[in-house]
1. Run down the lysines and flag those whose C-alpha is under 17 Å from the C-alpha of LYS394, throwing out any fewer than 8 positions away in its chain.
2. Give the peptides 238-244, 323-329 in descending order of average Cβ contacts within 10 Å, highest first.
3. Leaving out ligands and nucleic acids, note down the accessible area per residue over the range 268-380 with a 1.4 angstrom probe, in whole Å².
4. Could you sort the peptides 547-554, 60-67 by per-residue average Cβ neighbour count (10 Å cutoff), highest mean leading?
5. Could you work out the local net charge near HIS510, counting Lys and Arg as +1, Asp and Glu as -1, over the other residues with Cβ closer than 13 Å to its Cβ?
6. Tally Lys/Arg at +1 and Asp/Glu at -1 over every other residue whose Cβ is under 12 Å from the Cβ of GLN337; what's the total?
7. Spelling out what I want: for every residue of the range 66-79, take phi, set θ = phi - 60°, compute 6.51 cos²θ - 1.76 cosθ + 1.60 (Karplus), and round to whole Hz; glycine and proline get x.
8. Between rounded, prolate and oblate, where does the range 346-427 land on the alpha carbon gyration tensor, with a ≥ b ≥ c its root eigenvalues, rounded for a/c under 1.5, else prolate if a/b exceeds b/c?
Amino acid sequence: MPFFCQLHFPGKILLFCLLFVGIISPTTSLAGQKNIAILPLKINAAKDVAYLQEGIRDILANRLATLADLRVINKDIVDRAIANSSPDYNALSRSLKADYLISGSISIFQENISLDITVYSGPEFTPHYFHTSASQEGEIIKSLDQLASTINKEVITPPRAVTPVTVSSKTSSPLTTSQPVATTPVQTTPRPRDIARSLANLASPQELSGTSGGIKSPPIKLEAQAIDVGDLNGDGRAEIVFASGYGVFVYQRFGNSFKELSNISFKRSLRVLALTLADLDKDGCKEIYLSTADEDKPLSYGLTLKEGNLSFIFKQAPWYIKTMNLPGEGWVLLGQQAGKKRLLDPAVYRLNRRGTELHAGESLGLPKDANLFNFLVADLDGDKRSEISLIDSKGYLNIFSPDRQLLWKSKNKYGDGGKSFNSSKFVGDSDYTLQFDWERMQIPARLVAGDINGDGVADIIVSRNLSFPSEFFEDMESEPVGSIHGLTWTGSTLRELWHINDFAGYIADHQMQPLVVPEKERPAWFKSGGELTVCLVTASPVLGRLLPKKTTLLVYKLDFSASYQ
């Protein structure tokens with residue numbers, strides 16, 4: 001019988017928690033970070049608890065890395081060094097170039113778990129002894145949190161208070177055509193780092209720091225292509241809007257249940273490229289702005305929900321459209337037209353609506369690789385000037401300065417949105433042979449900006465979709481696996497704060513909004529949080545390419561209050 005099947009129920013739950021926490025990786029190292037190495041923990045138990053041995057090792061490494069801004073030496077490197085070295089911890093730390101070395105043991109008697117840890121640090125490699133315990137397996141994560149906090153306070157030098165740095169603002173902005181306005185220098189402030197802890201709560205059956213797990217809708221027998229979340233009718237509840245090849249659907253969530261409020265259909269030949277919500281009418285209710293393509297022709301729609309029914313504000317507008325919250329301006333409607341020789345005209349414009357017609361206003365100053373669908377404007381470092389984030393045609397995430405200078409480019413690909421549109425234009429003939437110019441454009445996944453962790457600076461939330469070779473046929477891809485990533489800009493690189501891996505299916509779209517907790521219901525510990533909505537598309541495990549795909553909506557409440565503890 002497989003080992004997992006032999007575990008009792010609490011053991012299975014804890015194993016799932018430990019595996020989940022293990023995928024939330026410590027953040028990328030920066031210059032000046034110290035190194036920590038955690039040796040394999042010894043086991044004193046009458047039963048096989050290998051899952052605890054590795055899980056506790058990973059969690060402790062993660063907690064210390066995020067609390068004290070340490071770089072964790074890969075455990076495979078540590079294990080090889082142990083095999084090739086004497087048990088002299090001093091010599092081992094030198095070979096690993098570790099500033100801190102941790103060893104320890106796990107003892108289990110019945111349901112009681114005891115953990116003894118020794119931390120070696122300083123020039124003399126002085127040992128420091130720590131102990132924690134849990135009366136049952138479900139409490140071990142909380143005990144590890146407390147242990148990591150104690151080690152950080154008593155042994156590892158806490159992060160020094162950062163002296164505020166004055167950042168001079170430049171006078172030009174790529175987002176306006178008006179005369180430049182001088183701004184005063186702004187001081188940046190230190191940022192909290194302990195984000196990984198809160199994400200462990202998604203996997204845990206217990207509510208740690210008041211967070212709750214994911215809420216899952218029943219399968220919807222449609223393949224969604226885009227979603228967004230917002231209050232459409234002014235009742236204080238956020239509706240979930242998604243679009244498929246059949247039309248637009250509005251759902252409202254009541255606790256753990258989902259109810260369809262309204263829908264509206266359009267012709268099946270349309271391809272949904274983007275769906276965004278914004279209250280541009282300033283009436284307290286958000287409108288729906290839908291960008292679609294009929295082959296290579298833009299046909300876009302504006303809709304509103306009135307008295308429970310969807311109705312058009314405008315339809316079949318000859319623009320590709322999207323709403324965006326531009327810093328200093330608020331929510332605006334942006335648009336881009338089809339090009340004469342290419343799919344898209346180079347310029348992205350602010351749009352003005354007059355009745356049922358859309359008219360071009362001022363254009364945005366954007367990098368040359370930007371188009372309506374692939375960029376985001378947000379102040380990522382708190383200096384009151386907006387950086388431009390952009391997913392290029394190859395899937396790499398780029399950060400540009402306000403004056404459109406490239407600052408950074410990712411090594412990993414992000415934002416496979418699974419949406420594209422194409423064009424086949426007749427360009428003439430040669431020797432009576434017809435010639436066509438073929439162009440295909442990928443629409444990347446949504447880039448979301450939001451100060452979810454309450455540190456006063458916008459972060460980026462983006463999804464990834466990966467397909468792996470089939471188990472049986474190397475040249476055939478299996479069902480994709482999705483992930484969501486929260487990234488923060490350090491001034492020189494995008495640094496991962498958290499991620500959620502292994503969504504079993506394809507992430508068609510996602511949205512993250514600040515978590516609003518009414519004051520009367522707000523616990524004392526609550527500082528900040530976010531509500532993540534994921535639109536997951538899955539195919540049948542049998543004849544998946546032939547049978548219709550289904551959509552599942554997932555809603556997670558993420559509590560980032562731990563970053564302040």
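The values are calculated or read from the model by the stated rules, or taken from the named source; none is laboratory data. Treat the numbers as computed from the prediction; the structure is a model and nothing was measured. Cβ atoms come from the backbone with ideal geometry, glycine included; neighbour counts cover every protein chain shown. These area figures cover heavy atoms from the full protein model, side chains too; ligands, DNA and RNA do not enter into them. Shrake-Rupley method; radii C 1.70, N 1.55, O 1.52, S 1.80 Å.
1. The reachable lysines, counting only those whose Cα sits under 17 Å from LYS394, are LYS368, LYS409, LYS411, LYS413, LYS419.
2. 238-244, 323-329
3. About 44 Å² of surface per residue is accessible.
4. Per-residue Cβ counts within 10 Å, averaged per peptide and sorted highest first, yield 60-67, 547-554.
5. With Lys, Arg at +1 and Asp, Glu at -1, the neighbours total -2.
6. Once positives and negatives cancel, what remains is +1.
7. 7, 5, 10, 6, 9, 9, 8, 6, 3, 5, 5, 5, 4, 5
8. oblate
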